[in-house]
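Reviewing the structure listed below.
None of the figures in this text is laboratory data; all of them are computed from the coordinates on show. None of the values given here were measured: they were computed from a predicted structure. Here the Cβ is made from the backbone with ideal geometry for all residues, glycine too, and neighbour counts use every protein chain on show.
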Amino acid sequence: MGLAIALHVLSAVVWVGGMFFAYMAMRPAVVEVIDASHRGALWCATLSRFFRWVWAAVILLLVTGYWMIFSVFGGMAGAGWHIHVMQALGIVMILIYAHVYFAPFRRLKQAVANQDPQEGGRQVGQIRKLVGTNLILGLIVVAIGAGGRYL
């Protein structure tokens, strides 16, 4: 069980921590330092690398989460309210992430390939809003995961 918990927590740290870094540190720095015509290319390259890690995190979160539910709690009926809330919010986060990956991120890559900084900027803005939403959800999930069973 120690392996499942460790992989689960590390996956959450990679995903939520990456979103926190991108939203709270990188985004403001990019706006200050990088010319608008190059921002889309920078975000495209950065997100291409980050999203590979997020796919791995999503898979590990699902596998380890259900592994723990069925081996520790004996199934969904034995899991506490906090587990159900984490699962529901996690699924919403995965759906938002999949939308980001398959829609605005795909359009961002196309805009960069077409050297269209205006369209790239629009797609980065869309991604920013969705990542902001997922970041808030992720922080809530982490708080519930850390303290939910004590409430």
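Modelled spin labels at Met26 and Lys129, positioned 7 Å past Cα toward Cβ, are 2.1 nm from each other.
State the extension gain, in nm to one decimal, for the chain segment bounded by Val63 and Leu139, taking 0.36 nm per residue of separation less the distance between their alpha-carbons. Going from the current span to full extension adds 25.3 nm.
Tell me what the chain gives for mean residue ellipticity at 222 nm when only DSSP H runs of n ≥ 4 count, each as -39,500 (n - 2.57), the sum divided by the residue total, rounded to 500 deg cm²/dmol. Before the final figure, lay out the partial values.
Details: 6 runs with 127 residues, N = 151.
Mean residue ellipticity at 222 nm (helix-derived): -29000 deg cm²/dmol.
Remark: region 78-94, residue by residue, has Karplus-estimated 3J(HN,Hα) of x, 7, x, 4, 5, 5, 5, 5, 4, 4, 4, 5, x, 5, 4, 4, 5 Hz, where x stands for each Gly or Pro and the curve is 6.51 cos²θ - 1.76 cosθ + 1.60 at θ = phi - 60°. Label Arg106 and Arg49 with points 7 Å out from Cα along Cα→Cβ: what is the distance between them in nm? About 2.5 nm, to one decimal.
Tally Lys/Arg at +1 and Asp/Glu at -1 over every other residue whose Cβ is under 15 Å from the Cβ of Leu135; what's the total? Don't jump to the answer; show the numbers that get you there.
Numbers: positive: Arg27, Arg128, Lys129; negative: none.
Its environment carries a net charge of +3.
A simple spin-label model places pseudo-atoms 7 Å from Cα toward Cβ; at Phe73 and Asn114 they are separated by 4.5 nm.
Between region 1-75 and region 93-133, the C-alpha centres lie 16 angstrom from each other.
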